[in-house]
1. With a probe of 1.4 Å, find how much accessible area the chain has per residue, and write the answer as a whole number in Å².
2. At 222 nm, what value in deg cm²/dmol follows for the chain if DSSP H runs of at least 4 each add -39500 (n - 2.57) and the sum is divided by all its residues, to the nearest 500?
3. Mind ranking 23-29, 224-230 by how tightly packed they are, going by the mean number of other C-beta atoms within 10 angstrom, highest first?
4. Show me 66-73, 137-144 ranked by packing, highest mean number of other Cβ atoms within 10 Å first.
5. With a 1.4 Å probe and every protein chain kept in, tell me what percent of the accessible surface of the range 142-267 is carbon plus sulfur.
6. Can you list the lysines whose alpha carbon sits under 28 Å from that of LYS250, skipping same-chain ones fewer than 8 residues off?
7. If you take every residue apart from THR150 with its C-beta less than 15 Å away from the C-beta of THR150, what net charge results, scoring Lys and Arg +1 and Asp and Glu -1?
8. Could you tell me the relative contact order of the chain? Use alpha-carbon pairs under 8 Å, at least six residues apart, and round to a whole percent.
Amino acid sequence: MPEPTISLSREQIHSFHEDGFLVLNAITTQEEVEQLREIYDRLFFERTGWDQGSQFDLAGTDEDDQPRLPQLLGPSRFAPELKDTLYLANARAIALQLLGSDMLDRNGEHMIYKPPRIGAATPWHQDQAYHNPELAYKGVNFWMPLDDATVESGCLQFIPGSHKLDVLPHHSINRDPRIHGLEVDNPEQYAERAVPCPVAAGGASLHACYMLHYAEPNHTDVPRRAYTLTFRTPPQNRDKPVDAYWQKNKQTARQTRADAYQTRGSM
Ligand code: NI
């Protein structure tokens, strides 16, 4: 693992805790961005992890030939060289500054690809709406694009301060429980307070794990490849669980593939 090359100033740390997000101009080198693009393209071109349910269309039912928002969970399981990046070293060092010494060693990771012209919107949501409603979390997500991400190509947009909210009611995209992706209820109210955060390739936007965020469809002719790393402290039991009723009626093709893969593995 390379040595970290950057750290946050006190102002940046303060601003992250106040607003819930932060933009960094560079979190790795352009050389590493080049290397990551090759790995990234291979993983999506080959639909790596599809049979395991680890790759799927975040915004569709997996019936389309051309997914409009493909996501790959745990990419370093398929490309172990991802465990040795400067991006990871820098993100880990910064996360430690933001979360403190009880941060867990093990981090999460995923990739979301927004293809040129057809890439779908990522609707307003909180990542915590996907997670265990019996637990309370403290965490930070790093979102690094491998292409210059603009509003038009689908950079992330945030609602300052919304990371201080608890989990809001969500529903499946298009209210279709076959779709993995979630959208917060009444999303229209957020658009006018949104702060878009364009980021150059190899830069990153960071957000706290309860932050409301959104990204436009990719209206451009260039891909929007993004690679996310997540860090957190040990989750705490809640006195009263969140009523995450939107998780209960999910019936995704991704989960069916994951279950079938598990069953085959245990036979
Ligand atoms: Ni998200």
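1. On the way: 12910 Å² over 267 residues.
Per residue, the chain has an accessible area of 48 Å².
2. Numbers: 4 runs with 54 residues, N = 267.
So the calculated ellipticity at 222 nm is -6500 deg cm²/dmol.
3. Working: 23-29: 19.0, 224-230: 23.1.
Packing proxy ranking, top to bottom: 224-230, 23-29.
4. Working: 66-73: 20.5, 137-144: 23.2.
Output ranking for 66-73, 137-144: 137-144, 66-73.
5. On the way: 3070 of 6010 Å².
Solvent-exposed carbon and sulfur of the range 142-267 make up 51 percent of the total.
6. Candidates past the 8-residue exclusion: LYS114, LYS138, LYS164, LYS240.
7. Working: positive: LYS114, ARG117, ARG224, ARG225; negative: ASP147, ASP148, GLU152, GLU216, ASP221.
Here the charged neighbours net out to -1.
8. On the way: 592 pairs, mean separation 82.6, N = 267.
Relative CO of the chain lands at 31 percent.
The values are calculated or read from the model by the stated rules, or taken from the named source; none is laboratory data. Predicted, not measured: the structure shown is a model, and the values here were computed from it. Virtual Cβ from ideal backbone geometry, glycine too; neighbours counted across all protein chains shown. The protein model used for the area step is the full one, side chains on, heavy atoms only, and it has no ligands, DNA or RNA in it. Shrake-Rupley method; radii C 1.70, N 1.55, O 1.52, S 1.80 Å.
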